[in-house]
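I have placed the structure first, in the form of structure tokens, so that the comments after it can refer back to it.
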Amino acid sequence: MDTRVLNLEHYWMPFTDNRRFKAKPKLVTAAKDMYFTTAEGTQVLDGLATLWCVNAGHSRARIVEAIRRQAA
């Protein structure tokens with residue numbers, strides 16, 4: 001990824017070594033089921049999902065539809 005295209009000057013992530021991140025950012029552009037997809041297109045297993053959310057996976061159609069019904 002060409003970091004010159006990204007403006008990371010004001011980007012800050014708590015619990016992250018921000019200098020290292022800004023020098024070589026690792027960005028996620030999508031998430032589906034139990035995988036993240038990086039900006040380079042590599043799929044990475046989301047091994048930390050249970051620390052921050054449930055282990056249901058990302059973008060599960062059944063869950064998204066249930067949320068839509070409840071929001072309506």
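Put simply, the amide H of residue 46, placed in the peptide plane, has neighbours under 5 Å in 35, 36, leaving out anything fewer than 5 places away on its chain. Using the Cβ-Cβ distance between residue 42 and residue 8 with R0 = 25 Å, the FRET efficiency computed as 1/(1 + (r/R0)^6) comes to roughly 0.80.
Please find the FRET efficiency linking residue 24 to residue 72, where r is the Cβ-Cβ separation and R0 is fixed at 30 Å, and quote it to the nearest 0.05.
On the way: r = 43 Å, r/R0 = 1.43.
In this case the efficiency is close to 0.10.
All of the numbers you see were taken from the coordinates with simple rules; none came from a lab. Not measured: the values here are computed from a predicted model. Note that we place each Cβ from the backbone using ideal geometry, even for glycine, and neighbour counts take in every protein chain shown.
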